[in-house]
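Below: the structure, in structure tokens.
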Amino acid sequence: MIRHTVVFRLRHEPSSAEEVAFLADAERHLAEIPGVERFERLREVSPKNSFSFGLSMEFADAAAYEAYNRHPSHESFVRDRWVPEVVDFMEIDYVNYEPPAS
């Protein structure tokens, strides 16, 4: 399983119609892509960083994650919404950690 996460800050004013529309479009375009499991839109509450929101989703395996990255809905969302509206982000992808046998 791969957990794909991204935290980000938008160029829009907090609670603006543009911010609400961006987050709704993120879910509408990304959550329905085949292979996406447990899609979540998240709001940052810690003052420890400058990010405002997060997206998190899971994929059964690397093939599902790669298919998501190449899917036309993902590519168009990134091109048409993400690039023009996100001012800063950090992406982290996780797999379950299994410590080496001793």
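Can you give the FRET efficiency for residue 3 and residue 80, using 1/(1 + (r/R0)^6), R0 = 35 Å, r = Cβ-Cβ distance, to the nearest 0.05?
Working: r = 25 Å, r/R0 = 0.72.
Approximately 0.85, to the nearest 0.05.
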Completion exercise
Mean 1/r over distinct Cα pairs of region 34-77, inverted to a Kirkwood Rh in Å, yields 12.0 Å
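Report relative contact order for region 1-80 in percent, whole number only (criteria: Cα-Cα under 8 Å, sequence separation at least 6). If you can, show how the numbers build up before the last one.
Details: 106 pairs, mean separation 32.2, N = 80.
The normalised contact order for region 1-80 reaches 40 percent.
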Fill in the blank from the handout: P(r) of region 44-102 over all Cα-Cα pairs, 10 Å bins starting at 0, rounded to whole percent, reads 16, 38, 32, 12, 3
Handout entry: the chain - accessible surface per residue (Å², probe 1.4 Å)
Key = 64 Å²
Problem - Farthest toward positive dipole pole in the chain [+1 Lys/Arg, -1 Asp/Glu at C-beta], among 71, 102, 54 - result: 54
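The values are calculated or read from the model by the stated rules, or taken from the named source; none is laboratory data. Fair warning: this is a prediction, and the values are worked out from it, not measured in the lab. In this analysis, Cβ positions are derived from the backbone assuming ideal geometry, glycine residues included, and neighbour counts consider all displayed protein chains. Ligands, DNA and RNA are stripped out before the accessible areas are found, and what is left, the full protein with its side chains, is counted by its heavy atoms. Shrake-Rupley method; radii C 1.70, N 1.55, O 1.52, S 1.80 Å.
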